[in-house]
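Everything below concerns the one structure shown next.
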Amino acid sequence: MNTPIAIMPIEVLLVEDNPGDAQLTRIALEDSKISVNLNVVEDGVEAMAFLRKQEKYANAPHPDIVLLDLNLPRKDGREVLAEIKADQHLRRIPVVVLTTSQSEEDILKAYNLSANCFITKPVDFDQFVKIVQSIENFWFAIVKLPPE
């Protein structure tokens, strides 16, 4: 069975303050059979500006999915998740929490804030790549994403 190939690239917003994790995510998505346009911002304030197309992000694409770290500078991922899900123009964007946290409190809070899933980042490079490729396969090849 062949994996369907998207005609238009999937727009991904990665909210990640660790440049190493952002680069690993980029590497993992480069081998994709699916065309992916990865946009990276480093904190929650930038994430909300991107999503709301404010200031330097006035021409930013509407993301099909957000990969969100929880522990961010300026505005943490929990606040970003709450703002996304409270905004009628953004709430349908799937948000995948991708974080180092394994805390039950963080897991419960993320789901209570309507995260679409919660994934703990592995520290091993190969496992990290497998996780990102699994996210890609599920969200970009299997799931039907909402229109803008």
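The values are calculated or read from the model by the stated rules, or taken from the named source; none is laboratory data. Keep in mind the model is a prediction, meaning the values are calculated, not measured. Note that we place each Cβ from the backbone using ideal geometry, even for glycine, and neighbour counts take in every protein chain shown. Calculation scope for accessible area: heavy atoms of the full protein, side chains included, ligands and nucleic acids excluded. Shrake-Rupley method; radii C 1.70, N 1.55, O 1.52, S 1.80 Å.
Which of the helices in the chain, when you take each full DSSP H run, stretch at least 20 Å along the axis at their Cα atoms and have an average Kyte-Doolittle score of -0.5 or higher? Sorted by number, there is nothing, because no helix extends far enough and scores high enough. Dipole of the chain computed with +1 at Lys/Arg Cβ and -1 at Asp/Glu Cβ about the Cα centre; of T120, S32, P147, farthest Cα towards the positive end is P147.
Accessible area per residue for region 8-133, computed on protein heavy atoms with a 1.4 Å probe, is 51 Å². Note on the chain: Rg/Rh from C-alpha atoms, Kirkwood Rh, equals 0.93.
Computed with a 1.4 Å probe on the full set of protein chains, the accessible area for M8 sits at about 140 Å².
Solvent exposure of V143, expressed as accessible area, is near 40 Å², computed with a probe of 1.4 Å over the protein chains only.
The apolar share of the surface of the chain, taken as the fraction of accessible area on carbon and sulfur atoms (1.4 Å probe, ligands and nucleic acids excluded), comes to 50 percent. Charged neighbours of K130, selected by a Cβ distance under 14 Å, balance to -3 (K, R count +1; D, E count -1).
Does region 4-84 come out rounded, prolate or oblate by the C-alpha gyration tensor, with a ≥ b ≥ c the root eigenvalues, rounded set by a/c under 1.5 and, if not, prolate when a/b is larger than b/c and oblate if not? Cα axes put region 4-84 in the oblate bin.
Would you compute, from DSSP H runs of 4+ residues alone, the mean residue ellipticity of the chain at 222 nm, taking -39500 (n - 2.57) per run and dividing by the full residue count, rounded to the nearest 500?
Numbers: 5 runs with 51 residues, N = 148.
Taken over the chain, the calculation gives -10000 deg cm²/dmol.
Whenever you get a sec, line up T25, T120 from highest to lowest accessible area (probe 1.4 Å, protein heavy atoms).
Values: T25 0, T120 45 Å².
If we order T25, T120 from most to least accessible, we get T120, T25.
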